[in-house]
Ligand SMILES: Cc1cc2nc3c(=O)[nH]c(=O)nc-3n(C[C@H](O)[C@H](O)[C@H](O)COP(=O)(O)OP(=O)(O)OC[C@H]3O[C@@H](n4cnc5c(N)ncnc54)[C@H](O)[C@@H]3O)c2cc1C
């Protein structure tokens, strides 16, 4: 069999071709600011913009180039839902709290769409809709109830399609049906990041790449932020390090579970191929525990594939490309001859209760735990946190994501030792689910525990 790797193969994000990162050149730091923000991804930049617009002096510090973290590596899927359904959320916050979080997430998406438009961020945002393929007949039944629930209780447009009506949406026979969310969409994640970087600077925040924060201590009523390039005194610190939260922040590190996630890009496909395979331009994922994501590149020429291509974090890019090529060919067998030009990885942050969280410990505030929905949610929550610290959030209803505490687990010390076996287990469960799957007429499944 010929190799699925293109002869010009890159182990860096495809997104960086059209939105390269700035160099991570360190620059002299100010001695003192009102707020030091650690992390220059969506969350840190959104918080910095809100703080600077509220009149605070702000320095954003990133160990790497701004955007080096997950923010320029994602699939770029956007929508108004969390990964957990109502039942999963209700187990944590009760049924009313669950519905409130779902409605706030839907509202956060509407806010995000307005924000990108109002700020003039050019990031190829298109609401071309999302299709979630049902991996099993049982999932297809659950999706019908979920569609009703989302439309009637949360205010999200949703409908389902049976397997034999999928041809107008996607040229595959892999799925047993699908849930369609027509208002969801996709964007170019690195161009969104570049837009947020420009907003933060225009608002007056200073951004420092190549400036790793080694620790934060309290000294004489101020916070001392120690970095590789000297220290800054700050009244407040915002921790926006998400899955990259490391040893300098041991309390937070015990509360964030970093999980490796991967992507690959194909070579440009023959004209018309993707328009035929995905006629409505939907972004696609499915109900597997180890979910995959598929989309066309913004210019419509390449297939982009995301997923946990390896049970290991930091897997080799060529191995990732081969694994994601196999996944793509399972969905679209006619792509067997396609070559992959790029593959890369990044880290996604999960929390123990699988909810994004903003909060404070003294004068160290955090926005952490995207749980896979960070394009919208970490931009939204970074903005909310910045406005709260800046004292300009009082006209807003309180956010349900600012909950007391950030839970941990007694067996978790910051090293996700359980992720490899868990991923392997999920892969086996997905295969078993499919093997034992039988068409069913109807069933009384809960609306809540639907994946993804
Ligand atoms: C492969 C992949 C696919 C994804 N797909 C989607 C998707 O389709 N839709 C979606 O909504 N989300 C998706 N995500 C998740 C999304 O990208 C993240 O939720 C989001 O980018 C998080 O933004 P952030 O600003 O919180 O963190 P990041 O962008 O990760 O930024 C954290 C920054 O903190 C810096 N940092 C860490 N420690 C220090 C320190 N000590 N000193 C200084 N700086 C430090 C890091 O260098 C990093 O730049 C995906 C993620 C990955 C990896």
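The values are calculated or read from the model by the stated rules, or taken from the named source; none is laboratory data. Note that the structure is a prediction, hence the values are computed from the model and not measured. Glycine gets a Cβ as well: all are built from the backbone with ideal geometry, and neighbour counts include every protein chain shown.
In the stretch 117-132, how many residues are on the phi > 0 side of the Ramachandran plot and either buried (at least 16 other Cβ atoms within 10 Å of the Cβ) or out of contact with any helix residue (DSSP H, G or I) (no Cβ under 9 Å at 6 or more places or on another chain) (or both)?
The total comes to 2.
Kindly indicate whether residue 106 is in a helix (DSSP H, G or I), more than 8 Å from the ligand (Cβ to nearest atom) and within 20 Å of the chain's Cα centre (by Cα).
yes
Test each condition in (1) assigned to a loop (DSSP other than H, G, I, E, B); (2) surrounded by 15 or more Cβ atoms within 10 Å (Cβ to Cβ); (3) over 27 Å from the mean Cα position of the chain (by Cα) for residue 24 and report the one that comes out false.
(3)
Could you figure out which of (1) part of a helix (DSSP H, G or I); (2) free of Cβ contacts under 8 Å to residues at least 40 places away in the same chain isn't true of residue 161?
(1)
What are the residues in the stretch 65-93 that are within 7 Å of the ligand (Cβ to nearest atom), closer than 22 Å to residue 288 by Cα and crowded, with 24+ Cβ neighbours inside 10 Å, if any?
Answer for the stretch 65-93, where residues must be within 7 Å of the ligand (Cβ to nearest atom), closer than 22 Å to residue 288 by Cα and crowded, with 24+ Cβ neighbours inside 10 Å: 73, 74, 76, 78.
Can you tell me which condition residue 326 does not meet? The list is (1) within 25 Å of residue 42 (Cβ to Cβ); (2) away from the ligand (no atom under 16 Å from the Cβ), and all the others hold.
With respect to (1) within 25 Å of residue 42 (Cβ to Cβ); (2) away from the ligand (no atom under 16 Å from the Cβ), residue 326 is out only on (1).
Residue check: is residue 45 in contact (Cβ under 8 Å) with a residue 24 or more places away in the chain, closer than 30 Å to residue 292 by Cβ and within 15 Å of the ligand (Cβ to nearest atom)?
The answer is yes for residue 45.
Within the stretch 247-267, restricting attention to residues that are part of a loop (DSSP other than H, G, I, E, B) and over 18 Å from residue 365 (Cβ atoms), which residue is nearest to the ligand (Cβ to nearest atom)?
Of everything passing the filter in the stretch 247-267, 247 is nearest to the ligand (Cβ to nearest atom).
Looking at the stretch 343-369 only, could you name the residues that are within 23 Å of the chain's Cα centre (by Cα), away from the ligand (no atom under 12 Å from the Cβ) and not in a loop (DSSP other than H, G, I, E, B)?
Result: 359, 360, 365.
Would you list the strands (runs of 3 or more DSSP E) that sit entirely within the stretch 192-233 and hold 3 or more residues that are within 24 Å of residue 361 (Cβ to Cβ)?
Result: 213-219, 222-227.
What pairs come out if I take residues in the stretch 51-78 that are closer than 16 Å to residue 208 by Cβ and assigned to a loop (DSSP other than H, G, I, E, B) and pair them with residues that are modelled with pLDDT of 95 or more and near the ligand (Cβ under 7 Å from one of its atoms) whose C-beta lies under 6 Å away, six or more apart or interchain?
Within 6 Å, the pairs are 62/40; 63/212; 66/40; 69/41; 69/244.
Taking the options 11, 114, 96, 62, name whichever one is surrounded by fewer than 16 Cβ atoms within 10 Å (Cβ to Cβ) and within 16 Å of the ligand (Cβ to nearest atom).
The unique qualifying residue is 11.
Inspect the stretch 277-289 for any residue being over 21 Å from the mean Cα position of the chain (by Cα), within 23 Å of residue 12 (Cα to Cα) and away from the ligand (no atom under 14 Å from the Cβ) and give the result as yes or no.
no
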